[in-house]
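**Q** Below you will find the structure I want to go over with you.
Read-outs throughout are calculated quantities, based only on the coordinates presented, and are distinct from any laboratory measurement. Since this is a predicted model, take the numbers as computed values, not measurements. Cβ atoms come from the backbone with ideal geometry, glycine included; neighbour counts cover every protein chain shown.
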Amino acid sequence: MIPGKNPPSNWSEFIEGLWQRNPIFVMVLGMCPTMAVTTSALNSISMGLATTFVLAASCWMVSLLRHFVPKEVRIATYIVIIATFVTVVDYAIQAISLSLYDALGAYIKLIVANCLVLGRAEAHAARNKPMAALYNATGMGLGFTLGLFMIGGVREILGAGKLFGLSLFGPHYQPWVVMVLPPGGFFVMAGWLMLFAVVRARKARGNTPATLAEGAQNA
Amino acid sequence: MHDSVGQILITTILSGNFVLAMFLGMCPFLGVTHSVKVAFPLGLATTFVILMASLCAYLLNLVLIPLHMEFLQLICYITVIAAAVQLVEMFAKKQSPELFRALGIYLPLITTNCAVLGVALFQTARNYSFVQSLTFALGGGVGFTLALVLLASVRERVRFSKVPNAMMGTALTLMLAGVLSLSFMGFAGLGGGE
């Protein structure tokens, strides 16, 4: 959210979530929206940004309140905080773009039940200062957005022959429809994980590291 | 809106399965399906919580909608669900401690199971009546259990087979889930569709 002048420590908090511990591909958290709304690149990015806002705002709030919340009721407190911000986002999206609201459907409200948000609140925000929590949460949120985009983009290209609604392959392309249907989500995600595993194995064996850059750019 | 009870039941269990078609409740679906022994009780516990949540959501709507306080829906739902999960947790601890240990962290995590909140939200969005809501919840729970048990049994079978290195772990589970989802698509059209 504030990418300008960061001290290095905050910067590394930010980058950690973005790539090294990417919520989707490394931690495998928040799978429901990952699969459900990634039928197109635009939906994925909107969902990712909505989640980023909720994540950053609630982690910041949780971190501010970390000395006041009794341990026994902390989960309930976190959930209420998260639910408040999700309600805000829900109404905001409804006001900004009704068509987007209809496309994302109940999944905006379901951000409450995204294990990523609660997981970060519990594992990071509750133990760190507000600024560190904010950076970490923003990084995680953007990492989540990136992951969603990588899945949503591939699904839209294969399943509809388009990216952001623009036709890529001309009128003769026969769409691979199953990719925008539910099974496609599983397959594309599995495909990315396999690609990463192969790249990691290559790297460990000391072969061409060029494939890593290629894999990252293919997104 | 005018779906009959039977239609809702068939749709939620098969063609519109919560996990495989609507992607609700993915975390336990990928996390606790190592063995059928754990997956089945978790499915039952979740079904119970879903039913409770559906019932409570229906009652809450009776209060919230006349008062024009729909913006509190989400917060109320999630609080009620958290309470219901706490109840199940206490019950499981008392009735069968070994099951309680086997389920571990995934029992409290039912709170953040999208399937539970999803039922409450979808039944509100679709204006289901009382009986329809409960049927929807029951079907959803049964469908969830079915998907969990199916994936767990497949994973038990492939545990000792030789899998390429790159596919080990989550990738393999996702691939299996994809195939499962593909086969559930064969039920499309059953129950009159959406």
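**Q** Using θ = phi - 60° and the Karplus form 6.51 cos²θ - 1.76 cosθ + 1.60, what ³J(HN,Hα) does each residue of region B:141-155 get, whole Hz, x for Gly and Pro?
**A** Ordered by residue, 3J(HN,Hα) equals x, 5, x, 4, 4, 4, 4, 4, 5, 4, 5, 4, 5, 5, 5 Hz.
**Q** Determine the gain in length on full extension of the stretch B:Ala83-B:His34; use 0.36 nm per residue of separation and subtract their C-alpha separation, reporting nm with one decimal.
**A** Values: separation 49, 0.36 × 49 = 17.64 nm, distance 2.76 nm.
Difference between extended and current length: 14.9 nm.
**Q** Within region B:18-49, what residues put their amide N at less than 15 Å from the label point 7 Å along the Cα-to-Cβ vector of B:Ser96?
**A** Residues passing the 15 Å test: B:35-48.
**Q** Okay, next question. Fully extended, how many nm does the chain gain between A:Val26 and A:Leu163 (0.36 nm per residue separation, minus their Cα-Cα distance)? Walk me through the numbers on the way to the answer.
**A** Values: separation 137, 0.36 × 137 = 49.32 nm, distance 2.54 nm.
Gain on extension, A:Val26 to A:Leu163, equals 46.8 nm.
**Q** Report the charge-dipole magnitude of the protein assembly as shown in Debye, nearest 20, computed about the Cα centre from +1 at each Lys and Arg Cβ and -1 at each Asp and Glu Cβ. Before the final figure, lay out each step's value.
**A** Details: 24 positive and 14 negative charges, 251 e Å.
Charge dipole of the protein assembly as shown: 1200 debye, to the nearest 20.
**Q** Give me A:Tyr91, A:Tyr101, B:Tyr77 sorted ascending by neighbouring Cβ count inside 10 Å, so fewest comes first. Mind dumping the intermediate values first?
**A** Values: A:Tyr91 13, A:Tyr101 17, B:Tyr77 26.
Least crowded to most crowded, the residues run A:Tyr91, A:Tyr101, B:Tyr77.
**Q** While we're here: For region A:191-205, list residues with backbone N below 11 Å from a point placed 7 Å from the Cα of B:Asn165 toward its Cβ?
**A** Counting only backbone N, you get A:198-205.
**Q** For A:Leu163, which sequence-distant residues (separation of 5 or more, or a different chain) have an amide H within less than 5 Å of its own amide H, given hydrogens modelled in the peptide plane?
**A** Close amide H contacts, sequence-distant or interchain: A:Leu168.
**Q** Give me a comma-separated list of calculated 3J(HN,Hα) values for region A:96-105, in order, Karplus coefficients 6.51, -1.76, 1.60 applied at θ = phi - 60°, integers in Hz, x for any Gly or Pro.
**A** Per-residue couplings from phi come out as 6, 9, 5, 5, 5, 4, 5, 5, 7, x Hz.
**Q** B:Leu59 to B:Ser183: extension gain in nm, 0.36 nm per residue of separation minus the Cα-Cα distance? Numbers along the way, then the final one.
**A** Numbers: separation 124, 0.36 × 124 = 44.64 nm, distance 3.66 nm.
So the extension gain works out to 41.0 nm.
**Q** Tell me the mean residue ellipticity at 222 nm calculated for chain B from its helices only (DSSP H runs of n ≥ 4, each -39500 (n - 2.57), averaged over every residue, nearest 500). Mind showing how you got there, number by number?
**A** Working: 8 runs with 127 residues, N = 194.
Computed ellipticity for chain B at 222 nm equals -21500 deg cm²/dmol.
**Q** OK, next. Who wins for biggest fluctuation among A:Leu42, A:Leu110, A:Leu134 in a Gaussian network model of chain A, springs between alpha carbons below 10 Å?
**A** Residue with maximal mean-square fluctuation among A:Leu42, A:Leu110, A:Leu134: A:Leu110.
**Q** Hey, fewest Cβ within 10 Å first, where do B:Glu70, B:Glu156, A:Glu13 land in order?
**A** Numbers: B:Glu70 12, B:Glu156 15, A:Glu13 24.
Going from sparsest to densest Cβ surroundings: B:Glu70, B:Glu156, A:Glu13.
**Q** Would you list B:Ser133, B:Ser15, A:Ser167 from fewest to most Cβ contacts within 10 Å?
**A** Details: B:Ser133 24, B:Ser15 21, A:Ser167 11.
Arranged by neighbour count, lowest to highest, B:Ser133, B:Ser15, A:Ser167 become A:Ser167, B:Ser15, B:Ser133.
**Q** When a/c reaches 1.5 or more, the comparison of a/b and b/c decides; with that in mind, is chain A rounded, prolate or oblate per its Cα gyration tensor? Provide the component values of the computation, followed by the final result.
**A** Details: a/c = 2.16, a/b = 1.33, b/c = 1.62.
Cα axes put chain A in the oblate bin.
**Q** With viscosity set to 0.692 mPa s at 37 °C, what whole-number translational diffusion coefficient in µm²/s follows for chain B from Stokes-Einstein and a Kirkwood radius over Cα pairs?
**A** Details: Rh = 17.3 Å.
Calculated translational D: 189 µm²/s.
**Q** Once you have the Kirkwood Rh of the protein assembly as shown from its Cα pairs, apply Stokes-Einstein at 25 °C and 0.890 mPa s and quote D in µm²/s. The partial results should precede the final answer.
**A** Values: Rh = 22.0 Å.
Roughly 112 µm²/s, to the nearest whole number.
**Q** Between A:Val69 and B:Val131, what is the label-point separation in nm under the 7 Å Cα-to-beta-carbon projection?
**A** Rounded to a tenth, the inter-label distance reads 4.3 nm.
**Q** Moving on to the next point. Mind checking which of A:Gln20, A:Tyr91, A:Val154 is farthest towards the positive end of region A:1-156's charge dipole, using Cβ charges of +1 (Lys, Arg) and -1 (Asp, Glu) about the Cα centre?
**A** Checked the options; the winner is A:Gln20.
**Q** Here's a follow-up. If a cysteine in the protein assembly as shown has no other Cys Cβ under 4.7 Å from its own Cβ, put it on the list, ordered by number.
**A** A:Cys59, A:Cys115, B:Cys27, B:Cys56, B:Cys76
**Q** Calculate one ³J(HN,Hα) per residue across region B:33-40 by plugging θ = phi - 60° into the Karplus curve 6.51 cos²θ - 1.76 cosθ + 1.60, and present them in order as whole Hz with x for glycine and proline.
**A** With coefficients 6.51, -1.76 and 1.60, one gets 9, 6, 9, 4, 4, 8, 4, 5 Hz.
**Q** Treating only the Cβ atoms of Lys and Arg (+1) and Asp and Glu (-1) as charged, compute the dipole magnitude of chain B about its Cα centre; round to the nearest 20 debye.
**A** Numbers: 9 positive and 6 negative charges, 132 e Å.
My answer is approximately 640 debye.
**Q** Which lysines does B:Lys94 reach when only Cα atoms under 20 Å apart count, and residues fewer than 8 places away in its own chain are ignored?
**A** B:Lys37
**Q** To the nearest Å, what is the center-to-center distance of region A:90-144 and region B:98-162, using C-alpha atoms only?
**A** Value for the Cα centre distance between the two parts: 23 Å.
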